[in-house]
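Okay, structure first, notes after.
We did not get these values from a lab; they are worked out from the coordinates using the rules stated. Because the structure is a prediction, the values reported are computed rather than measured. Heads up, the Cβs are rebuilt from the backbone with ideal geometry, glycines too, and the neighbour counts pull from every protein chain shown.
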Amino acid sequence: MPVSPAPSKSARPAAPAVHATPVVNPSVRKWVDECVDLCKPDDIYYCNGSIEEREALFDQGVRDGVFIKLNQQKLPGCYLHRSNPNDVARSEHLTFICTPSQDMAGVTNNWIETKAGYAKLLPLFDGSMRGRTMYVIPFVMGPIGSPLAKVGVQLTDSLYVAVSMGLMTRMGDVAWRQLGQSDEFTRCLHSVLDVNPDRRYVCHFPLDNTIWSVGSGYGGNALLGKKCLALRIASFLGQQQGWMAEHMLLMGATAPGGEKTYVAAAFPSACGKTNFAMLIPPKKYRDQGWKITTVGDDIVWMWVDEKSGRVRAINPEAGYFGVVPGTNERTNPNAMAAMGHDAIYTNVALLPDGDVWWEGKTKAPPAECVDWTGQKWTPDSGRKAAHPNSRFTAPARNNPAIDPAWDDPNGVEVAAIVFGGRRSRTVPLVYQAFNWLHGVYLGATMGSETTAAATGAVGVVRRDPMAMLPFIGYNIRDYFVHWMRMRRRMTDCPRIFHVNWFRQDADGNYLWPGFGENMRVLKWIIDRSHGRAYAKETMLGWMPKAGDLDLEGLDISPAQIDALQSVDANEFKAEILSQEELFLKLAGDLPKEFVFQRELLIARL
Ligand code: SAT
Ligand code: MN
């Protein structure tokens with residue numbers, strides 16, 4: 001890599017060496033200079049996004065001990081990364097929205113006043129990159145040329161983050177071209193510091209289009225294009241500009257005969273979004289000609305097309321950051337293929353032959369391996385070999401079921417929106433909202449049992465409106481109103497559904513087989529969206545009648561289906577009470593439409 005000296009403007013004793021300086025626009029140059037003065041890196045490296053660069057960075061990472069090169073026969077182009085054991089999930093309690101007034105952030109966000117936010121982090125960034133390289137990472141969220149696409153530039157001292165951004169976004173010179181001379185880019189500043197939870201903050205400054213993150217190298221905390229830009233900052237911009245940034249997968253379903261339907265679905269982190277987005281239909285459906293393709297597995301940006309009055313959507317990301325445990329050839333062959341080459345594994349176990357392992361990969365555990373913390377592991381070690389939130393990072397193009405339109409700047413038309421959570425009791429397998437407003441209420445009252453994707457207790461029901469609770473970049477009251485108002489722009493709206501793949505019987509057995517068999521529920525959703533399938537009106541919404549869901553070839557009794565779909569009025573009254581937990585927080589700010597919806601629901605019960 002060519003080395004050229006940097007113009008020495010600052011008071012630093014020695015100017016950092018600048019590697020491969022591209023021609024960047026003056027606003028970027030000015031901001032990078034300021035951050036260099038602040039962080040004082042030894043070196044500056046501008047990422048260009050080339051294959052050669054990626055290989056060089058991996059090689060560097062192996063030399064630095066950031067990556068372990070895996071068995072290249074079995075896993076070509078794949079590397080293992082072990083994170084600091086204190087840094088394995090998003091840190092929601094250390095995530096802040098920084099605005100002039102607390103009301104802009106609302107009751108569900110941690111808030112710091114803007115100036116106080118900068119003041120808190122400035123001393124942490126000061127000199128943070130001494131002895132390190134600052135990577136300058138230009139990236140685009142969204143298909144190149146899309147009117148909704150957004151440019152960001154991340155400065156980071158983490159090589160792992162630099163390489164991961166290359167997989168997760170459209171990264172490199174392409175972003176400079178998309179930006180042109182504009183100064184409209186998200187300023188993302190990141191340092192891992194000493195990976196100390198006491199000095200860990202993820203701060204968003206939506207009014208400045210700025211993100212500052214310190215003290216963590218973990219996905220959602222550190223790959224700033226993802227949750228920080230594409231959800232928190234983007235949801236704020238969407239509210240101002242009349243579009244929506246949502247925590248949803250986006251899948252295409254091709255029916256026999258070729259009819260194509262796109263479905264978006266919101267589930268909280270680690271509730272099977274990636275699995276649903278990459279679903280492989282059961283054999284019977286495949287034989288008929290059904291095919292599922294993936295547009296995205298985590299985030300969608302939606303807007304209403306002016307000509308058609310219908311909702312269209314893009315996936316702003318270019319890769320997957322998926323949960324690994326439980327993934328295997330049966331549960332998600334597409335994910336297995338996607339992580340089979342040119343991928344990063346984080347916090348999985350390492351086998352003696354340089355292959356990887358995790359709980360649920362194979363029925364029988366390996367005789368021995370090295371666990372995610374780097375220690376020798378055997379099946380009787382009494383602990384997990386892979387971290388429950390271990391992840392793979394892979395480019396979207398690795399997915400054999402990638403949708404042909406996944407990179408289309410014009411996006412795809414959304415016919416249905418699905419909300420879902422992980423609920424072992426109370427909530428039926430599937431039902432349809434009576435209308436848009438009722439659907440918004442279903443999304444707003446969503447609850448899910450917590451998982452390992454965020455720090456904190458696992459397995460308690462948490463209210464998670466639209467699966468966006470940790471990701472709404474502004475006041476949740478305004479967010480709900482925005483959802484309701486979006487309807488006015490639409491001539492025809494996507495139909496809204498609620499699903500729960502996770503209901504259990506009294507003995508804790510799952511009532512529904514899930515995975516590929518979810519196709520049966522999806523088919524009903526698709527048919528309902530096109531005004532075809534039957535349903536009966538129930539207290540909760542429209543539900544498939546016996547016979548409306550295709551159960552042929554499934555080892556599941558009518559009694560089991562009844563149990564899956566049953567609604568216990570008393571249990572549901574308790575559910576409504578527990579929904580109050582969030583609504584009480586909103587108090588006087590609760591949209592009156594929600595009060596009416598709740599009253600109607602109580603009346604029906
Ligand atoms: O926050 S991450 O993007 O790292 C994982 C998730 O919660 O979806
Ligand atoms: Mn997610």
Beta bridges by DSSP in the chain, antiparallel share as percent, to the nearest 5
60 percent
Can you work out ³J(HN,Hα) from phi for every residue in the range 261-274, in order, using Karplus 6.51 cos²θ - 1.76 cosθ + 1.60 and θ = phi - 60°, giving whole Hz and x for Gly and Pro?
10, 9, 10, 9, 9, 10, 10, x, 3, 6, 10, x, 4, 4
In order through the range 536-545: 3J(HN,Hα) via Karplus (6.51 cos²θ - 1.76 cosθ + 1.60), integer Hz, x for Gly, Pro
10, 7, 10, 4, 8, x, 7, 10, x, 7
Let me make sure I get this right: for the range 320-398, a, b and c are the square roots of the gyration tensor eigenvalues over alpha carbons, sorted descending. Under 1.5 in a/c it's rounded, otherwise prolate if a/b > b/c, else oblate. Which is it?
prolate
What is the distance in Å between the Cα centroid of the range 545-568 and that of the range 244-301?
22 Å
Relative contact order (%) - criterion: Cα under 8 Å, at least six apart; region: the range 471-594:
23 percent
Give me the distance between the Cα centres of the range 457-524 and the range 118-173, rounded to whole Å.
31 Å
Once you sort the root eigenvalues of the Cα gyration tensor of the range 359-510 as a ≥ b ≥ c, which label holds: rounded (a/c under 1.5), prolate (a/b larger than b/c) or oblate (the other case)?
prolate
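Taking loop as defined by DSSP and a crowding limit of 14 other beta carbons within 10 Å, which trypsin sites (Lys or Arg not before Pro) in the range 117-164 fit? Mind dumping the intermediate values first?
Details: sites: Lys120, Arg130, Arg132, Lys150; in loops: Arg130, Arg132.
Of the trypsin sites (Lys or Arg not before Pro), the ones in loops of the range 117-164 whose Cβ has at most 14 other Cβ atoms within 10 Å are Arg130.
Only four residue types carry charge here, +1 at the Cβ of Lys and Arg and -1 at the Cβ of Asp and Glu. Report the dipole size of the chain about the Cα centre in Debye, rounded to the nearest 20. Could you put the intermediate results ahead of the total?
Working: 64 positive and 64 negative charges, 110 e Å.
Taking the Cα centre of the chain as origin, the dipole is about 520 debye.
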Can you list the residues, at least 5 places off or on another chain, whose amide H is less than 5 Å from the amide H of Thr294, using H built in the peptide plane?
Gly252, Ile402, Asp403
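Please compute the contact order of the range 320-398 in relative form: average sequence separation of alpha-carbon pairs under 8 Å and at least six residues apart, divided by the residue count, as a percent. It would help to have the intermediate numbers written out before the result.
On the way: 143 pairs, mean separation 35.1, N = 79.
This gives 44 percent for the range 320-398.
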Estimated Rh, the chain: Kirkwood, alpha-carbon pairs, angstrom:
24.9 Å
Got a sec to turn the phi values of the range 378-390 into Karplus ³J(HN,Hα) couplings, 6.51 cos²θ - 1.76 cosθ + 1.60 with θ = phi - 60°, whole Hz, x for Gly and Pro?
10, x, 9, 5, x, 8, 6, 7, 10, 5, x, 10, 5
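Please state the shape class of the range 172-331: rounded when a/c is under 1.5, otherwise prolate if a/b exceeds b/c and oblate if not, all from the C-alpha gyration tensor. List each step's numbers first, then the result.
On the way: a/c = 2.52, a/b = 1.45, b/c = 1.74.
It comes out oblate by the Cα gyration axes.
Counting other Cβ atoms within 10 Å, which GluC sites (Glu not before Pro) in the range 300-355 have at most 13 and lie in a DSSP loop? Can you show the working numbers first?
Values: sites: Glu306, Glu317, Glu329; in loops: Glu306, Glu317, Glu329.
When the GluC sites (Glu not before Pro) of the range 300-355 are filtered for loop state and at most 13 Cβ neighbours within 10 Å, Glu306, Glu329 remain.
With +1 assigned to the C-beta of every Lys and Arg and -1 to the C-beta of every Asp and Glu, and no other charges, what is the dipole magnitude of the range 463-593 about the Cα centre in debye, to the nearest 20? Numbers along the way, then the final one.
On the way: 17 positive and 20 negative charges, 177 e Å.
That gives the range 463-593 a dipole magnitude of about 860 debye.
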Kindly provide the GluC sites (Glu not before Pro) of the range 476-552 that DSSP labels as loop, not H, G, I, E or B, and whose Cβ sees at most 12 other Cβ atoms within 10 Å.
Glu552
